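Following: one structure in structure tokens, then a few remarks.
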Amino acid sequence: MNGTSFVYETPFRLEGAAQTKKWIGACLTSMGYAAKQLSFAFMSDDALLRINKDFLKHDYYTDVITFDYSVGKELSCDIAISVDRVQDNAQQQQIDFAQELRRVMIHGVLHCCGYKDKSPQQIKEMREKENECLAMFHVEPKTQKHV
């Protein structure tokens, strides 16, 4: 998948970046989209709060903010993610951090595909599509070397 990049503004590093790119590409292909340029920025709560205040005039913490510059079915997006919020969400929901991170990442991508989450019906549709995409993520088995 061309055009997907990861930027780190915290000590966090995404494990399995190549696999994650393939997964996002498969999700987009299944919906008829292509990634021209997707940029994921992993940052702290405070950094994302500043973005939320400066650009959206919202004074609260959030897990993801998406800036969408897409044209038609070619996606160009900046997706900012608070690693702190994802960790808190995972602990509160008693789920694996990596699983919650994938949910937040695909949530941002889905916003670029036109999905909204303001009304109860939109939230339901967003969650269904998130779950559909999450089901597409597969861990590649490690191959054993024979000596």
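Going by the structure shown, is S119 out of contact with any helix residue (DSSP H, G or I) (no Cβ under 9 Å at 6 or more places or on another chain), at pLDDT 95 or above and hydroxyl-bearing (S, T, Y)?
Against the criterion (out of contact with any helix residue (DSSP H, G or I) (no Cβ under 9 Å at 6 or more places or on another chain), at pLDDT 95 or above and hydroxyl-bearing (S, T, Y)), S119 qualifies.
Q19 fails exactly one of the following numbered conditions: (1) assigned to a helix (DSSP H, G or I); (2) free of Cβ contacts under 8 Å to residues at least 60 places away in the same chain; (3) under 20 Å from M136 (Cβ atoms). What is the number of that condition?
Checking Q19 against (1) assigned to a helix (DSSP H, G or I); (2) free of Cβ contacts under 8 Å to residues at least 60 places away in the same chain; (3) under 20 Å from M136 (Cβ atoms), the one that fails is (2).
If you scan segment 33-81, which residues turn out to be of a type in the set (G, A, S) and either over 20 Å from V7 (Cβ atoms) or over 12 Å from the mean Cα position of the chain (by Cα) (or both)?
A34, A35, S44, A47, S70, G72, S76
Restricting to segment 1-48, give me the number of residues that are aliphatic (A, V, I, L, M) and over 16 Å from V104 (Cβ atoms).
Here the count works out to 7.
Please go through segment 22-62 and give me each residue that is closer than 16 Å to D78 by Cβ, of a type in the set (F, W, Y) and in contact (Cβ under 8 Å) with a residue 60 or more places away in the chain, ordered by number.
Answer for segment 22-62, where residues must be closer than 16 Å to D78 by Cβ, of a type in the set (F, W, Y) and in contact (Cβ under 8 Å) with a residue 60 or more places away in the chain: just F40.
The values are calculated or read from the model by the stated rules, or taken from the named source; none is laboratory data. Bear in mind the structure is a predicted one, so any value in this text is a computation, not a measurement. Positions of Cβ are generated from backbone atoms using ideal geometry, with glycine treated the same way; all protein chains shown enter the neighbour counts.
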